[in-house]
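Colleague: Quick one: the structure is below, questions incoming.
The values are calculated or read from the model by the stated rules, or taken from the named source; none is laboratory data. Just so it is clear, the model here is predicted, and its values are computed rather than measured. Cβ atoms come from the backbone with ideal geometry, glycine included; neighbour counts cover every protein chain shown.
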Amino acid sequence: MPIRLKSGKSFSTIFLVLFLILTCGAFMNLKIITDRISRKKIPGSSIIYLPKGEYLKYATFGHSSLLADLIYIWAIQYYGDYEIPDSYDYLYHIFSIIAELDPHYFDPIDMGAFIAAYEALDVDLAVKILDMGLEKNPKEWFFPYQAAHYLQFMRKDHERAQEYYKKTMTIEGYPPIVRRLYADAVFKSTDYKKALEEWLEIYNTAEDERIKQVASNHLYNIKATMDIEKLQDAIAKFKEKFGRYPADLSRLVSAGFLDSIPKDMDGKAYLYDSQTGEVKPPTIPWKR
């Protein structure tokens, strides 16, 4: 008995498979040709040209996620070849194609940002890729959180990191640690008053005793930082006037530079070296 196709759907599936096979074959043939061309002579010849995802999507007949998978696998291989000198020039283009084909495919966006940050050493590009992920998935807190992480710990741009932590905290489901990282970024941007308020709020609302201790240690560190800056400023003025460091901190009061000598959050006196004029906290904050 002859086998008959039950519907046009089976025919379209076969056509799609053949189309993808032919397309991949064409891509591979083009890659062989471009690999023969010296990359030093022709910048950009190291990459197979790919049109924008919005155009490729029409050629997939509803199976754009499959093509996104294929391009992602190819991209991993492409960026595994460290001898290609101009590969990072196409990083955003390649991963934007994948995001256009499958907007909810998170792994490529995460990987693209990772490659940008750690291999291309381009944090701005990493953030741009993550911004693209957030634009297509506005309910996913991971994208602004990861952007804040790169900005805070790699770029040391604590002001911009704060902006992305704020974005993260507007999205439902973000982890509690984001609030603490935000407070830390505020402190590192030297906005001590605001940092004090943030960590105090964390301390007062924490139900876990470990989190309370973490917040308490940060509060100690903030107060100690503010006090020591105040003391160092007074010591500098004393030295400028008398040509020497004060014998002890109480001289700062008798000389009229301070009204009183602050103590740390535990009521202990700060350590002072009259030879160097250096002031230190009596306790390491994280070992209290």
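Colleague: Among the listed residues 173, 243, which satisfies the condition of being small (Gly, Ala, Ser) and closer than 23 Å to residue 106 by Cβ? Step through it out loud before you land on a result.
Modeller: Values: 243 fails: closer than 23 Å to residue 106 by Cβ.
Result: 173 is the single residue among 173, 243 that is small (Gly, Ala, Ser) and closer than 23 Å to residue 106 by Cβ.
Colleague: A further question follows. Residues to consider are 226, 169; find the one that is within 30 Å of residue 272 (Cα to Cα) and surrounded by fewer than 17 Cβ atoms within 10 Å (Cβ to Cβ). Can you show your working first?
Modeller: Numbers: 169 fails: within 30 Å of residue 272 (Cα to Cα).
Being within 30 Å of residue 272 (Cα to Cα) and surrounded by fewer than 17 Cβ atoms within 10 Å (Cβ to Cβ) holds for just one of 226, 169, which is 226.
Colleague: OK, next. Out of the residues in segment 62-81 that are in a helix (DSSP H, G or I) and hydroxyl-bearing (Ser, Thr, Tyr), which is modelled with the highest pLDDT? If you could, list the steps in order and put the result at the bottom.
Modeller: Within segment 62-81, the first condition is being in a helix (DSSP H, G or I), and the residues that meet it are 64-78.
From what's left, hydroxyl-bearing (Ser, Thr, Tyr): 64-65, 72, 78.
On the way: 64: 91, 65: 92, 72: 95, 78: 89.
Ranking the candidates gives 72 first.
Colleague: Would you mention how many residues in segment 75-91 are surrounded by fewer than 18 Cβ atoms within 10 Å (Cβ to Cβ) and either among the acidic types (Asp, Glu) or touching a residue at least 40 places away in the same chain (Cβ under 8 Å) (or both)?
Modeller: Initial filter on segment 75-91 (surrounded by fewer than 18 Cβ atoms within 10 Å (Cβ to Cβ)): 76-77, 80-86, 88-89.
Add one more test, that the residue is either among the acidic types (Asp, Glu) or touching a residue at least 40 places away in the same chain (Cβ under 8 Å) (or both), and what stays is 81, 83-86, 89.
The qualifying residues number 6.
Colleague: If you check 119, 159, which single one turns out to be under 16 Å from the mean Cα position of the chain (by Cα), of a type in the set (Asp, Glu), modelled with pLDDT of 95 or more and within 30 Å of residue 191 (Cβ to Cβ)? Let's see the steps before the verdict.
Modeller: Working: 119 fails: within 30 Å of residue 191 (Cβ to Cβ).
Just a single option satisfies the conditions, and that option is 159.
Colleague: Filter segment 92-119 down to the residues that are buried (at least 17 other Cβ atoms within 10 Å of the Cβ) and farther than 23 Å from residue 137 by Cα and list them by number.
Modeller: none
Colleague: Please count how many residues of segment 111-153 are among the charged types (D, E, K, R), part of a helix (DSSP H, G or I) and more than 12 Å from residue 164 (Cβ to Cβ).
Modeller: First, the residues of segment 111-153 that are among the charged types (D, E, K, R): 119, 122, 124, 128, 131, 135-136, 139-140.
Remaining after also requiring part of a helix (DSSP H, G or I): 119, 124, 128, 131, 135-136.
Subsequent filtering for residues that are more than 12 Å from residue 164 (Cβ to Cβ) retains 119, 124, 128, 135-136.
Here the count works out to 5.
Colleague: With respect to residue 186, is the statement that it is within 16 Å of the chain's Cα centre (by Cα) and either closer than 27 Å to residue 258 by Cβ or surrounded by fewer than 19 Cβ atoms within 10 Å (Cβ to Cβ) (or both) true? Lay out the reasoning, then the answer.
Modeller: Numbers: within 16 Å of the chain's Cα centre (by Cα): yes; either closer than 27 Å to residue 258 by Cβ or surrounded by fewer than 19 Cβ atoms within 10 Å (Cβ to Cβ) (or both): yes.
Criteria met by residue 186.
Colleague: Could you name every one of the helices (runs of 4 or more DSSP H) located completely within segment 182-278 that has at least 3 residues being of a type in the set (S, T, N, Q)? If you could, list the steps in order and put the result at the bottom.
Modeller: Numbers: elements: 192-205, 209-242, 250-254.
The qualifying helices (runs of 4 or more DSSP H) are 209-242.
Yes/no matrix, rows are residues, columns are (1) at pLDDT below 95; (2) more than 27 Å from residue 186 (Cβ to Cβ); (3) surrounded by 15 or more Cβ atoms within 10 Å (Cβ to Cβ); (4) among the small types (Gly, Ala, Ser):
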site	(1), (2), (3), (4)
204	no, no, no, no
211	no, no, yes, no
232	no, no, no, no
247	no, yes, no, yes
268	no, no, no, no
274	no, yes, no, yes
281	no, no, yes, no
287	yes, no, no, no
